[in-house]
Amino acid sequence: KQEVTQIPAALSVPEGENLVLNCSFTDSAIYNLQWFRQDPGKGLTSLLLIQSSQREQTSGRLNASLDKSSGRSTLYIAASQPGDSATYLCAVRSSNYQLIWGAGTKLIIKP
Amino acid sequence: DAMVIQNPRYQVTQFGKPVTLSCSQTLNHNVMYWYQQKSSQAPKLLFHYYDKDFNNEADTPDNFQSRRPNTSFCFLDIRSPGLGDAAMYLCATSRDVGSGRGLQETQYFGPGTRLLVL
């Protein structure tokens, strides 16, 4: 059974720092992995989608990597800003439609 | 802009009183999903539609039903809401580009409907 873990559960850093959020999964047989952002009381916004055949994806200040063999993904945020404060969730697709979710990392960027 | 719309954004209902949540999309995606998310927890998939084919998750309570009358709309019906059903309900869509073999594009989420049960 696929399990997804995100560490740390919460992270607080000063503005301007580069940071890394971690996601690990137990079964390497995945179709893809997605990173989402959720602001308090809001829906989810997809940030990056990495197909199983890919190693990384980049969008602006965000870079996500995928290492299937070790069951890990990282989300790198460069030059963090207060507007990046949110909960970041990773989700793995191991079957046709079911996404297996991590519990999220709550990120606070201090001005 | 193409998007996923959920109505209402906030819904208050009484214990046991049926309630219907609405989702519409302008993305013309063939797959639609309903998730339940409780505070500080990950979203939990309730069911999804692949076109008109309904797929219920094994642990979704019978109290929850869904309808998809056309490509654009999907409804979540809670027949007899209990206090434990208070949560954020998220609708999402995606486009299946690989004949249902997991080669889907990303899921797009609506803003959610927060349900309060009194």
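A:Ser53 to B:Gln14: FRET efficiency via 1/(1 + (r/R0)^6), r the Cβ-Cβ distance, R0 45 Å, to the nearest 0.05?
Once rounded, the FRET efficiency stands at 0.35.
Basic side chains Lys and Arg get +1 at the Cβ, acidic Asp and Glu get -1 at the Cβ, and with that the dipole of the protein assembly as shown about its Cα centre reaches some 240 debye.
Assign unit charges at the C-beta atoms only (+1 for Lys and Arg, -1 for Asp and Glu), then state the dipole size of chain A relative to its Cα centre in Debye, rounded to the nearest 20. Here the size comes out at about 160 debye. Set the bar at 23 Å for Cα to Cα. Now go through A:Lys106/B:Lys44; A:Lys42/A:Lys110; A:Lys110/B:Lys38; A:Lys1/A:Lys42; A:Lys106/B:Lys38 and name every pair that lies beyond it. From A:Lys106/B:Lys44; A:Lys42/A:Lys110; A:Lys110/B:Lys38; A:Lys1/A:Lys42; A:Lys106/B:Lys38, over 23 Å: A:Lys110/B:Lys38; A:Lys1/A:Lys42.
Exposed loop sites are taken as trypsin sites (Lys or Arg not before Pro) in a DSSP loop (any state but H, G, I, E or B) with at most 11 other beta carbon atoms within 10 Å; the longest stretch of chain A without one runs A:56-111.
Only the Cβ atoms of Lys and Arg (+1) and of Asp and Glu (-1) were treated as charged; on that basis the dipole of chain B about its Cα centre amounts to roughly 260 debye.
Within 10 Å of the Cβ of each residue in B:109-118, the mean number of Cβ atoms contributed by other protein chains is 2.
Every number in this text was worked out from the coordinates using simple rules, so none of it is lab data. Remember, predicted model here, so these are calculated numbers, not experimental data. Positions of Cβ are backbone-derived with ideal geometry, glycine not excepted, and every protein chain shown enters the neighbour counts.
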